[in-house]
Amino acid sequence: MARAKLYQVKDNRFLFRCEECGAKRSLAVPPNIRSKAVRCHKCGAFTRCALNRRLSRREEQCGRAMMVLPGGKEFPVDLNDVSDGGVGINALPGGGRMLNLSWEVKLKCS
């Protein structure tokens, strides 16, 4: 399976560029989605697009870490990316239910 190409989103729009034919097109996206499959309007090729809404550039990061909650409880998470504005993670099933958006958490990794 092909990896998604990263596109910068500004004002809920991104500039799509086809990998096959090089055609460009500005596309609107809803504010709540992180990825989108796009078909080229010229050649018909499909591209998976990962949408970056952060102002600063994301640096891809992969691996496992332990998230430490304020009460001391720990659970494993998968790291996706790091930027000046934060860290992208995926919590394993059940782990994300313990989180509160107002908490400050810590990450431990090797």
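Looking across the stretch 19-48 at every residue that is of a type in the set (A, V, I, L, M), within 22 Å of the chain's Cα centre (by Cα) and within 17 Å of Ala4 (Cβ to Cβ), the one that is modelled with the lowest pLDDT is identified as Ile33. Of the strands (runs of 3 or more DSSP E) lying entirely inside the stretch 20-61, the ones with 2 or more residues being among the basic types (Lys, Arg) are found at 24-28, 35-39. Within the stretch 81-98, the presence of a residue that is modelled with pLDDT of 90 or more, touching a strand residue (DSSP E or B) at 6+ places or on another chain (Cβ under 8 Å) and among the charged types (D, E, K, R) is excluded. For the stretch 49-60, check the following and say yes or no: at least one residue is more than 15 Å from Ala4 (Cα to Cα), surrounded by 11 or more Cβ atoms within 10 Å (Cβ to Cβ) and in contact with a strand residue (DSSP E or B) (Cβ under 6 Å, 6 or more places away or on another chain). Among the residues of the stretch 49-60, at least one is more than 15 Å from Ala4 (Cα to Cα), surrounded by 11 or more Cβ atoms within 10 Å (Cβ to Cβ) and in contact with a strand residue (DSSP E or B) (Cβ under 6 Å, 6 or more places away or on another chain), which makes the answer yes.
The single residue among Ala91, Ala45 that is outside the structural domain of Pro31 (by TED's automatic domain parsing) and surrounded by 13 or more Cβ atoms within 10 Å (Cβ to Cβ) turns out to be Ala91. Would a scan of the stretch 65-80 turn up a residue that is free of Cβ contacts under 8 Å to residues at least 12 places away in the same chain and in a loop (DSSP other than H, G, I, E, B)? Yes.
Within the stretch 13-67, being among the aliphatic types (A, V, I, L, M) and closer than 22 Å to Leu99 by Cβ holds for Ile33, Ala65, Met66, Met67. Identify all residues within the stretch 94-110 that are among the basic types (Lys, Arg) and either exposed (fewer than 11 other Cβ atoms within 10 Å of the Cβ) or not in a strand (DSSP E or B) (or both); write none if there are none. Matches in the stretch 94-110: Arg97, Lys108.
The values are calculated or read from the model by the stated rules, or taken from the named source; none is laboratory data. Because the structure is a prediction, the values reported are computed rather than measured. No Cβ is skipped: glycine too gets one built from the backbone with ideal geometry, and neighbour counts run over all protein chains shown.
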